[in-house]
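What follows is a single structure, written as structure tokens, with notes after it.
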Amino acid sequence: MDEQQGTSHRNVVDAWFETERNRLWVFLRSRVGSESDADDLAQTVYLKMVGGTFAAATNLDGWAFSIANHAVCDHFRGKKRRPSTFIESDTAIQDNSATPMMQLLATEESQRSSEILRHCLAGLSKDELVVMQARILGNDHATIAVDQGWGTANRSEKTFHRAKRKLQDCIRSKRGDDENS
């Protein structure tokens, strides 16, 4: 890439990033669960876009979000754990050095979170429960569709996202009810 093409490429990336930064950040935040991690990954995506090459006809959104998705995978690969795909936990991990009272409160919060989750799962349809369980076990949508006799992965994807939204809304609602009590 010569200097003029490099400047043009950088200008295109800068313009895209300026207008789409918030949408990209929301995508990253929804995947990693941490604002600081989302900030770091947004910067990584920007640097990879500036350092990468693309044809003039390239769909910048597709390219950027593909880079973002790979950055999220790399992020969790580095942490040796998978991303939380549908439930955000704000329950602290128990620290062995915590006081007994703090451990008791964490246990009570964990029990309350389990009750909320059980309640919310009871509100899902049979298909939604099957898809959620299969996704948690690591099955892809195509495999789920074949197992359920649905023909295409599209039904599994829609069912999964509908269930995910129901769970998120139910959990937020229940936690809001707790805070208002």
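Values quoted throughout were computed directly from the atomic coordinates according to the rules given, and no laboratory measurement underlies them. Values in this document were obtained by computation on a predicted structure and should not be read as measured data. Every residue, glycine as well, gets a Cβ built from its backbone with ideal geometry; the counts of neighbours run over all protein chains shown.
Listing for the model above:
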item: Most to least packed among 40-53, 141-154 [average Cβ atoms within 10 Å]; result: 40-53, 141-154
item: Label point distance in nm, residue 18-residue 155, each placed 7 Å from Cα along Cα→Cβ; result: 4.8 nm
item: Net charge, residue 17 excluded, C-beta distance under 13 Å - Lys, Arg +1, Asp, Glu -1; result: 0
